[in-house]
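Novice: Next up is a structure, given as structure tokens.
We did not get these values from a lab; they are worked out from the coordinates using the rules stated. The shown structure was predicted, so the numbers you read here are calculated from the model rather than taken from an experiment. A quick note on method: Cβ atoms are made from the backbone with ideal geometry, for glycine too, and the neighbour counts reach across all protein chains shown.
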Amino acid sequence: MESIQAIVEQGKRLGIPGQFPSWLSFAERAVFCEPTSGPKLLRAVSALQSSGLQIDHITPNALELGAIAEAIQTGTEPDLCFSGESLREIEAWTADHQRRWIRDEGVFRNALSASVLCKTFWVKNGSKGLLRVSIGTEAAQDGELQLVALANDGRRVFVDVQFHAPLAIPPEDIVSTTGAGDTLAGSIAAGLATGLAEGSAVKRALLAVDRTLRSRRAVGKTPA
């Protein structure tokens with residue numbers, strides 16, 4: 001606990017996000033980032049690009065991921081592109097109505113563009129589900145879909161994908177969506193940190209989100 005407190009205090013002293021790379025080096029452990037502010041996120045992106053460091057996990061929604069990718073691509077040519085076979089696999093895999101948003105919003109393409117900053121993306125889309133995209137130099141078989149991307153210098157990059165369906169919550173039971181993303185990110189991080197498998201960690205996180213969405217105490221003063 002003392003080491004965690006030291007990391008938090010160092011972040012306060014450095015001033016996140018401008019000095020995010022310095023804090024990342026100080027932390028010396030897996031970092032889970034929830035982009036709660038668009039402007040701050042883009043400042044962190046700029047700082048990370050200059051440092052060459054990577055975040056371990058980030059939990060953007062599809063719009064935030066697009067903004068990250070756009071910030072990185074400005075004035076540069078894309079470094080990675082999917083192989084023809086992988087493009088066909090994406091087309092078939094996203095034909096399902098529950099996963100169509102992934103293709104329509106360019107999630108895979110944007111994750112490739114942003115992979116210089118992060119190893120694993122947890123892309124949120126509310127009632128449409130959660131997509132985990134992990135990008136690395138070695139093939140993995142953890143997810144339900146494995147893809148291959150090619151770099152400009154000929155390197156092969158492997159993309160491992162897992163889709164998590166959302167819990168069905170009646171709209172009339174949702175009090176507020178405020179804090180739902182933070183709850184999801186924090187719960188997944190806690191689950192993985194304590195050794196839970198991905199499926200179990202996400203299941204527990206979605207149950208926590210369910211409670212947050214239904215709660216009148218998630219944000220603000222507790223009613224008298």
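Novice: For labels at HIS97 and ASP153 in the simple 7 Å Cα→Cβ model, what's the distance in nm?
Specialist: Going by the 7 Å Cα→Cβ label model, 4.6 nm.
Novice: Let me ask something additional. Can you put VAL159, VAL148 in order, fewest other beta carbons within 10 Å first?
Specialist: In order of increasing Cβ crowding within 10 Å: VAL148, VAL159.
Novice: Something else: Report the extension gain between ALA140 and ASP173 in nm, rounded to one decimal, defined as 0.36 nm multiplied by the number of residues separating them, less their alpha carbon distance.
Specialist: Computed gain between ALA140 and ASP173 is 8.0 nm.
Novice: Continuing with the same structure: Under the 0.36 nm per residue contour assumption, what length would be gained going from the current alpha-carbon distance of SER215 and ARG88 to full extension?
Specialist: 41.5 nm
Novice: Sticking with this one: So between SER127 and ASP104, what do we pick up on full extension, going 0.36 nm a residue minus the alpha carbon distance?
Specialist: The SER127-ASP104 span can extend by a further 6.7 nm.
Novice: Please give, to one decimal in nm, the separation of the simple spin-label points placed at ALA30 and LEU196, each 7 Å out from Cα toward the Cβ.
Specialist: 1.3 nm
Novice: Semi-axes, largest first, in whole Å: what does sqrt of 5 times each Cα gyration tensor eigenvalue give for the range 92-161?
Specialist: Semi-axis lengths for the range 92-161 are 21, 12, 12 Å.
Novice: By count of other Cβ within 10 Å, fewest leading, how are HIS164, HIS97, HIS57 ordered?
Specialist: Ascending Cβ contact count within 10 Å gives the list HIS97, HIS164, HIS57.
Novice: Please rank LEU48, LEU196, fewest neighbouring Cβ atoms within 10 Å first, as an exposure proxy.
Specialist: LEU196, LEU48
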